[in-house]
Every structure is written in structure tokens, then in C-alpha cells.
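In what follows, a single structure is set out as C-alpha cells and then discussed.
The values are calculated or read from the model by the stated rules, or taken from the named source; none is laboratory data. Note that the structure is a prediction, hence the values are computed from the model and not measured. Note that we place each Cβ from the backbone using ideal geometry, even for glycine, and neighbour counts take in every protein chain shown.
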Amino acid sequence: MRKKSNKKTHERIHEESLSNTDLNQSVSLGLNNQLGDSHPVLRVLSLEEILTIEVPERTFLLDPWLPSQGLVMIYAERGVGKTWFALGVAFAVASGTQFMGWNAPNPRGVLYIDGEMPLPLLKERIQILVDSNGFEQSVPIGFLTSDIQNSPIPDISTEEGKKQINALLDGVGLVVLDNLSTLVRSGRENEAEAWLPVQEWILYLRAKGKSVIFVHHAGKNGKQRGSSRREDVLDTVIFLKRPVNYNPSDGSHFEVHFEKARSVLGDAVKPTECRLFTGGVGHLEWSHKSLEASTHEKVVDMYNEGMSQKEIAEILEINKATVSKHIKRGKRNGEVSKIEDI
């Protein structure tokens, strides 16, 4: 009797095990799986399906580092020129023109959300950009600023805040969030969990065909402030850094460093030195050159002024071998006028 009972028990356990296995397989594959209304059926693509499914070709809003459905962070210390840079990108994308040598193939709608700058200053900067570049609008470009709201600007880490922004995105291909400190106000900045609601939202926007640029502050250590988890899902991370010989009278003068750039290689992501200056008839213009070319010019100029290689290396915070390389190149190119002691 005991053996018969054990046999039946084993058979029942085996049947339950098979049933559970079938259920687990069904859940994992998303086949006719209904776990309540709040759990939609998940779709898994087979190898054949993922190789044959038709998907839109991934194009660029700003070639080569801002793709369609791209997620980007631009960060720097205070006062470096983050907003000037972000506005330049926004206007290039909206007008289908170029910025710093990067080309926007086709105009795309832009929503620029500014949570920090006073409206008069924001208006002044936009007016300067329009006057300087002759902007012709063919697609929507809108600006959401806290100064004209009857309530606080949306907190994008809350469901209500995300819904408010989502309602503004018809015809928009690029959302610029300037900056995270003012637009993400729930949770602690350095805690990874506090970032999860925002990450979930930007992945939703990407799935809807939107690109997103975050403008953010650098911390005391020079890295982006807060949790490094923010960078996990991003395609591109750009650090704007003041040159070592920066003078406050230079205004917006910085180096562009690509710390992360998915599928972008070679010269396209080499560091660049950029400067905003007043050109003809008071218009603002951007100059840009590779950091390599800029360093070469500085080394040659300092050497021609009589500085030693050691002094140049200390001022520019580069090693003496690099200084020597640039001086030799300058001599070959006829750029060195200094007569060395015999």
C-alpha cells in the first residue's frame, strides 16, 4: 500500500512539474499569456523574425553623433557654455543646417525645455542666434520655460510631469532638457534608483521615435554629477571642458570630448576646440578646430615667444615628448621662427 501510494504521489508530482514547465515556457515566450490586465503579452522575436523584420533605417538629426531615436548627455561645469552649445544644436536640427561642422540633413521639430534661465536672458540668446544665422522656420521649434507658467515646470521624474511633456510632442523629433538639476526634482541625485523613472521615460520616447538631449552639470570631480547609471542607456556622452589656458575674457571657449559614442569612430569623435566670438556686424559666430591642431598652434606660438619646452609642457599640461613632436613638425612646416642658441 505504501509503495502504491508513493507511486501515485510521484506521478502527481511529475504531472504538476510538466504543467509548471509548460506554463513557464508559455510565460517566457509570451504565448497566449494573460497575467491580468496590467501585464500585457510580451512578444519575442525568433532569429528568423529579427533578421527579416522591416524597421526604419536609422538616420541622423545631426551627423554623426545625434541619430534618430538617440539619447545624449551634454555636461560641463557651470558657465562653460552648455546652453549656448545646446541651443546651437537645437537650431541646426530645426533648420536642417550645420553646427560646428556637424550636418543636420533634414529639418526636424524641436522642443527645448529650459528649467533654469530667466526668460529675458533666454529670449536674448535666441534673438542673437536668429539674427546671426538667418534662421528660416519650416518645422516647429518650441520653448518651454518656467517663467511663463502658472505652476512649477514639470518634474520629469514624476508620472504627472512626464504626461505633461508627452502632450507637447506632436511633430517633435528632438527634446532638449536643460538641465537635469531643475527638471528632475524627486529623489537624491546620486542615487541610481532615483534615475529609474526618468530612464523608463526616455526609453519610451525613443520607442516613439524621439531623440533626447540632457544638459547636465559636472561635479567637483569633473565627471557628470550624480549617479553614473544615467550613462548606461545613452548613445552619446559629451563633456565640454575649458582649455588649460582659458581666460574669462574669452567667453564661451571650450573643448568638446566624446566620452561615449555608439557606432561613431575615428576622426568624427576626436576632441575639438570651439569658441563663440563676435564676427561681422555684431553677429555671433562659432570657430572650431581639432584639439590636435589647436595644441600645435599653441606650442609653436609659445616656442617662438622664447619659452622652453619644459615651460610649454607645464602651461599646457602635456608631456615634453608631445611638445617636442609639435616643434619638430613646426620646423618642417616652416612655422618656427625662433633662432636656437648654438
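When you check Glu124 against the structure, is it in a loop (DSSP other than H, G, I, E, B) and modelled with pLDDT under 95, yes or no? Considered against the rule, which asks whether it is in a loop (DSSP other than H, G, I, E, B) and modelled with pLDDT under 95, Glu124 comes out as no. Would you confirm, using the coordinates I've provided, whether Ser157 is assigned by TED's automatic domain parsing to the domain that holds Gly251, touching a Leu at 6+ places or on another chain (Cβ under 9 Å) and in contact (Cβ under 8 Å) with a residue 60 or more places away in the chain? So Ser157 does not fit the description; no. Would you call Ile238 touching a His at 6+ places or on another chain (Cβ under 8 Å), modelled with pLDDT of 95 or more and surrounded by 15 or more Cβ atoms within 10 Å (Cβ to Cβ)? Spelling it out, Ile238 is indeed touching a His at 6+ places or on another chain (Cβ under 8 Å), modelled with pLDDT of 95 or more and surrounded by 15 or more Cβ atoms within 10 Å (Cβ to Cβ). Pairs are defined by a Cβ separation below 9 Å, a sequence spacing of at least 6 or placement on different chains, a first member in the stretch 194-220 that is in contact (Cβ under 8 Å) with a residue 24 or more places away in the chain, and a second member that is surrounded by fewer than 17 Cβ atoms within 10 Å (Cβ to Cβ) and of a type in the set (Lys, Arg); the pairs so defined are Ala194/Arg188; Trp195/Arg229; Gln199/Arg229; His217/Arg78; Ala218/Arg78.
Surrounded by fewer than 14 Cβ atoms within 10 Å (Cβ to Cβ), part of a loop (DSSP other than H, G, I, E, B) and at pLDDT below 85, is that true of Asn245?
Yes, satisfied.
Taking the stretch 315-330 as the range and being exposed (fewer than 14 other Cβ atoms within 10 Å of the Cβ) and in a helix (DSSP H, G or I) as the test, the residues that pass are Lys320, Ala321, Lys328.
Among the numbered criteria (1) of a type in the set (D, E, K, R); (2) over 23 Å from Arg225 (Cβ atoms); (3) in the same structural domain as Asp232 (by TED's automatic domain parsing), which single criterion is violated by Glu48? Result: Glu48 fails condition (3) only. Which of the following residues is touching a helix residue (DSSP H, G or I) at 6+ places or on another chain (Cβ under 7 Å) and of a type outside the set (Lys, Arg): Val176, Val172, Val256? None of the others qualify; the one that does is Val176.
Quick check on Asp114: is it more than 21 Å from the chain's Cα centre (by Cα), within 24 Å of Gly79 (Cα to Cα) and of a type in the set (Asp, Glu)?
Working: more than 21 Å from the chain's Cα centre (by Cα): no; within 24 Å of Gly79 (Cα to Cα): yes; of a type in the set (Asp, Glu): yes.
Considered against the rule, which asks whether it is more than 21 Å from the chain's Cα centre (by Cα), within 24 Å of Gly79 (Cα to Cα) and of a type in the set (Asp, Glu), Asp114 comes out as no.
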